[in-house]
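The structure appears right after this line, and notes come after that.
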Amino acid sequence: MRRRFFVEHFGDGTAVIAGESANHLGRVLRAQEGQLYELSDGEKVWLGRITKVARDTVEFALQEELEAFRPALDVTLFLAVVKFDSFEWAIEKATELGVAAIVPLAAARSEKALLHAAEKRAARWQNILAEAAQQSRRLGMPVLDPLTKPEHAFSRIQDEIKLLLSEKPGAPPIRKLLIGQRATKVTIAIGPEGGWTDDELEVATKAGFQHVSLGKLILRTETAVVAALASLNYALGEEENLG
């Protein structure tokens, strides 16, 4: 299966990859003239043949336009910042599972040292999303928002379905709430290892978020991300053929 890379735009029958992706192609994959790769600008996908490999750029001649698929389900993930190895694993898997946007949350029970360091990790997180999106052959990478406080994030969302994973007694299973739903835009909020505070739960409820559960077991944040997104994709997701 051919590798896919992202480009800024398609020219008149040509495309160029620059920067780290070009270095990866040239130095790691040892790309050579004549090799074929899939290229995406976020809207279309083309098959490109390498015409030139330079130190910081790889040039392509476009051969044919390929079918492009975009998930019909538009999911925004609100994810509380946790230890970076877990957080980064989670956003990588969220990208592979098709989320449209990721909003890191400065939750009350997130470790303060992690929140202070989060801004410096933004470039690394962008690279993780790009690599995961290319590996999973997405049309484009998800949007990564700046670190945001939960109360600000909760109040700005107008999606059809807004879910918050909760450990509160009585929170219905996510599968029960999704039965019969036909929404195309969903936001799901997943908290830190210590859980949401009462104030955060109250703000989310006032903003229209529905409390849901993944079952009786207590999951780590990164595990909850995969389980929740897989449930959403199973219940609501269908792929749309763009051409």
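Observations on the model:
- GluC sites (Glu not before Pro) within segment 1-96: DSSP coil, no more than 14 neighbouring Cβ in 10 Å: Glu8, Glu33, Glu43, Glu67
- Counting only residues at least eight positions apart within a chain, or on another chain, the lysines with an alpha carbon under 27 Å from that of Lys168 are Lys83, Lys93, Lys112, Lys149, Lys176, Lys185, Lys206, Lys216.
- Taking the fewest neighbouring Cβ atoms within 10 Å as the starting point, the ordered list for Ile91, Ile174, Ile188 is Ile174, Ile91, Ile188.
- Spin-label proximity, Met1 to segment 72-113 - amide N less than 13 Å from point 7 Å beyond Cα toward beta carbon: 96-97
- Remark: segment 71-241 carries a charge dipole of roughly 160 debye about the Cα centre, counting +1 on each Lys and Arg Cβ and -1 on each Asp and Glu Cβ.
- Summed over all non-identical Cα pairs, the Kirkwood treatment of segment 4-66 gives a radius of 11.2 Å.
- Near Val82, the amide H atoms lying under 5 Å from its own belong to Phe87; only residues 5 or more places off or on other chains count, and H is placed 1.01 Å from N.
- If you wrap the tightest convex hull around every Cα atom of the chain and split its volume per residue, you get 132 Å³.
- Dividing the summed helix terms, -39500 (n - 2.57) for each DSSP H run of n ≥ 4, by the number of residues in the chain produces a 222 nm estimate of -9000 deg cm²/dmol to the nearest 500.
- Shown is the FRET efficiency for Gln158 and Ala230, computed with R0 = 41 Å from the Cβ-Cβ distance and rounded to the nearest 0.05: 0.95.
- Within a Gaussian network of the chain (alpha carbon springs, distance under 10 Å), most fluctuating of Asp159, Asp198, Asp74: Asp198
- Modelled spin-label separation between Val28 and Arg137, with each label point placed 7 Å from Cα along the Cα-to-Cβ direction: 1.9 nm.
- Under 5 Å from the amide H of Ala108 lie the amide H atoms of Thr197, each residue being 5 or more positions distant or on a separate chain, with H modelled from the backbone and absent for Pro and chain starts.
- For Ala31, the amide hydrogen comes within under 5 Å of the amide hydrogens of Gly26, counting only partners 5 or more places away or on other chains and with H modelled in the peptide plane.
Values in this text are rule-based calculations from the coordinates and carry no lab data. Treat the numbers as computed from the prediction; the structure is a model and nothing was measured. Virtual Cβ from ideal backbone geometry, glycine too; neighbours counted across all protein chains shown.
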